[in-house]
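Heads up: the structure comes next, in structure tokens.
The values are calculated or read from the model by the stated rules, or taken from the named source; none is laboratory data. Predicted, not measured: the structure shown is a model, and the values here were computed from it. As a convention, Cβ positions derive from the backbone with ideal geometry for all residues, glycine included, and neighbour counts pool all protein chains shown.
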Amino acid sequence: MIRTKLCDLLGIKYPIMQGGMAWVSTAELAAAVSEAGGLGIIGSGQAPPDWLREQLRKAKELTDKPFGVNVMLLSPYAEENLKIIRNERVAVVTTGAGNPGKYVPWLQEVGTKVIPVVASVALAKRLVRNGVDAIIAEGTESGGHIGDLTTMTLVPQVVDAVDVPVIAAGGIFDGRGLAAALCLGAVGVQMGTRFMSAAECTVHENIKNAIIKAKDRDTMVTGRPTGHPVRVIRNKLTRQFEELESRCAPVEEFERLGVGRLRAAMVEGDTEFGSVMAGQVSAMVKKIEVVEEIVQDVIKGAEKTLCQLYEGGVIK
Ligand code: TUI
């Protein structure tokens, strides 16, 4: 049985959070993860308030367990969506692509836990001074918007730098990943890509198939010159981005090329010219599984991995 401080902090059975991925993490996926004993998270991305209200209503219908919402701070609707989250007393907010510092006490006033995603020690320390409940340290193995440190190096540095629970994200796929995260001092993991390929995930089936097909070196990082690098599965769009990079095109050209591409991929299933944001663990996804199977595989796998270190004689 694997139980950590994260389980007590969030009122969940297993120390597994699901990444709140834009256009991917809808109420159906979030509710399934919460029902399976983890923390499901709705990804609000750049979605408007009406969409979020509807998703919250749906999630509450599907589960009475706690769930969260991810707010992408570059969204023009970030503040409006945070107001809804506060009014609806959502259990947990995770944030990405920015610094949520000014909203922390205001959300906590109503009992909402605030858990930002960071890619650096400096931002983790700053946010802990703002009073956040925990930190998600996300390595560059992740899909979507990323920093440049690996999970292996970032997590222990954040653990040493702060006195709140740290959750590891980026490159976590199975029980070995959870066991490794615990060894690095994390209290749990956040997983995106594996849940994206779950049966309950409403993302377009072409995307699930692209993840299943992906091999070890099939993701790459585009958009570095914009200051918002993203990890995606290689396709015709990434070749166009590479061409822009090779001729040092102005940032505006990158931005123009990127507009609407995430939705085109995740909703319309455009795996050629869409932005197929997915992590390096894509190569480890072999089939579509239901969320319950995924959660049980990760938990049982971690128990087995940790026990084998003793039983296999590695630790005497
Ligand atoms: O946010 C994510 N992953 C995302 S957001 C997203 S939508 C998007 N699309 C195009 C461009 C940008 C975003 C797709 N995937 N993960 C959490 C995360 N946050 N990773 C890295 C960061 C981050 C980076 C810099 C957080 C804060 C930061 O600096 C803020 C500051 O003020 O220092």
Leading residue by the ranking (farthest from the ligand (Cβ to nearest atom)) among those in region 60-77 that are over 16 Å from residue 22 (Cβ atoms) and outside any loop (DSSP other than H, G, I, E, B)
61
Top-ranked residue in region 142-166 [being under 16 Å from the mean Cα position of the chain (by Cα) and in a helix (DSSP H, G or I); ranked as farthest from the ligand (Cβ to nearest atom)]:
155
Exclusive hit being surrounded by fewer than 22 Cβ atoms within 10 Å (Cβ to Cβ), under 19 Å from the mean Cα position of the chain (by Cα) and either of a type in the set (Gly, Ala, Ser) or modelled with pLDDT of 95 or more (or both), set 217, 194, 176:
176
Scan region 95-116 for residues that are within 16 Å of the ligand (Cβ to nearest atom), out of contact with any Ser or Thr (no Cβ under 6 Å at 6 or more places or on another chain) and either of a type in the set (A, V, I, L, M, F, W, C) or in contact (Cβ under 8 Å) with a residue 60 or more places away in the chain (or both) and jot them down.
96, 97, 104, 114
Between residues in region 48-76 that are hydroxyl-bearing (Ser, Thr, Tyr) and residues that are away from the ligand (no atom under 16 Å from the Cβ), which pairs lie under 7 Å by C-beta distance while being six or more apart or on different chains?
63/31; 63/34; 63/35
Quick one: which of 267, 295, 276 is assigned by TED's automatic domain parsing to the domain that holds residue 142, in contact (Cβ under 8 Å) with a residue 24 or more places away in the chain and surrounded by 13 or more Cβ atoms within 10 Å (Cβ to Cβ)?
295
Could you check how many residues of region 46-59 are surrounded by fewer than 18 Cβ atoms within 10 Å (Cβ to Cβ) and not in a loop (DSSP other than H, G, I, E, B)?
7
